[in-house]
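The values are calculated or read from the model by the stated rules, or taken from the named source; none is laboratory data. Source: prediction; values computed, not measured. We place every Cβ from the backbone using ideal geometry, glycine too, and count neighbours over all the protein chains shown.
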Amino acid sequence: MKLKFDWFLFGMAAATALAWLFPDPGAAGGWLHPELLTKLGIALIFFLHGVALSFASLKAGTLRWPLHVVVQTSTFLVFPLLGFALNALLGDHVRPALKLGFFYLCALPSTVSSSVALTAAARGNVAGALFNATLSSLLGVFLTPLWIALVLKTAGHSQPLGPVILDLVKWLVLPLVAGQLSRPLLAAWAARNGPGVNAVDRATILVLVYTSFCDSSKQGVWSGHGWTTLAIVLAGAAALFAVAMSVMRAVSGVLKFSREDRIAAMFCGSKKTLASGVPMARLIFGAHPAIGLILLPIMIYHPLQLVVCGVLAQRWGAKSV
């Protein structure tokens, strides 16, 4: 399989490097004003998501409730349990912020665009994938901060949940609703300019990645934790992905899902969103000095899932599973 160059993945590495080399502009008090830029960027991302999302296209997938139950259970129950297990295995061998990052990865909703695109490429249930990916994004606004609050409380740190959810609703849900309401005016324009809209969306995420890593770099969070940390994160992300895919395949077999539903379950139930993960982290963790370290697992998991699922989609699209 020939893998195409993805400027977004390259951009994540570049944004991280820039934050390490030039952290001052994006750190708290910097001339980029990250406290304002972050929230405006988040609102723009979810407004564009709202413009692009057609709820009419979800109707065909609403009746496949066994598929929906399996995918959402994997996303918001199985994955968090895997996160608890992984952190128990890691023990005191890694920093608390990195363990929080692994759990944050596990508590995130599934992806939308890539889950649907990969399911389509593999000739799976596209309508079911779209419904589950969208439902996952909406549930994540409430379930992700609930899981994080539970973990922080268990670790002896309290986090007021109400203001976090209010912030998520204000900067994620309301722009998404505004995008939906503007579809009669902007849907045709967005369809014509899809690559440009996607580029703006991804570029905004890269800005958020940069500002997220600036504070961590300026406060020395990465000191003495280079390649060893990356190796731990890569191994942990690969293990989580392998277990999730295996669980989805096994459960789909036990429930005798059709080939199309099995593909949708495996892709939607094993994937985690970077596009929503970075903005949500900025709202959930605020000015946490180690937010860059918290985001590292999802930044490693994201390209890993794309590469592996891309190979599988091509293979499954060419023949029956």
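Go through (1) surrounded by fewer than 19 Cβ atoms within 10 Å (Cβ to Cβ); (2) modelled with pLDDT under 85; (3) out of contact with any Lys or Arg (no Cβ under 8 Å at 6 or more places or on another chain) and name the single condition S258 misses.
(2)
Is it the case that the range 268-283 has a residue that's of a type in the set (A, V, I, L, M, F, W, C) and farther than 24 Å from L36 by Cβ? It would help to see each step written out before you state the result.
Of the residues in the range 268-283, the ones of a type in the set (A, V, I, L, M, F, W, C) are 268, 274-275, 278, 280-281, 283.
Right, trim to farther than 24 Å from L36 by Cβ and you get 268.
Scanning the range 268-283 turns up at least one residue that is of a type in the set (A, V, I, L, M, F, W, C) and farther than 24 Å from L36 by Cβ.
More than 19 Å from the chain's Cα centre (by Cα) and either in contact (Cβ under 8 Å) with a residue 60 or more places away in the chain or not in a helix (DSSP H, G or I) (or both), is that true of L67?
On the way: more than 19 Å from the chain's Cα centre (by Cα): yes; either in contact (Cβ under 8 Å) with a residue 60 or more places away in the chain or not in a helix (DSSP H, G or I) (or both): yes.
The answer is yes for L67.
Say whether the condition of being part of a helix (DSSP H, G or I) and at pLDDT below 90 is met by at least one residue in the range 235-246.
First, pick out the residues of the range 235-246 that are part of a helix (DSSP H, G or I): 235-246.
Keeping just the survivors that are at pLDDT below 90 gives none.
So far as the range 235-246 goes, no, none of its residues is part of a helix (DSSP H, G or I) and at pLDDT below 90.
Tell me, which helices (runs of 4 or more DSSP H) lie completely within the range 108-189 with 2 or more residues that are in contact (Cβ under 8 Å) with a residue 24 or more places away in the chain and under 30 Å from K319 (Cβ atoms)?
Details: elements: 113-121, 126-154, 161-168, 174-181.
The helices (runs of 4 or more DSSP H) meeting that bar are 113-121, 126-154.
Select from the range 123-175 the residues that are at pLDDT 90 or above, surrounded by fewer than 17 Cβ atoms within 10 Å (Cβ to Cβ) and within 16 Å of P279 (Cα to Cα) and write down the one among them that is nearest to the chain's Cα centre (by Cα).
Among those residues, the one meeting the criterion is L139.
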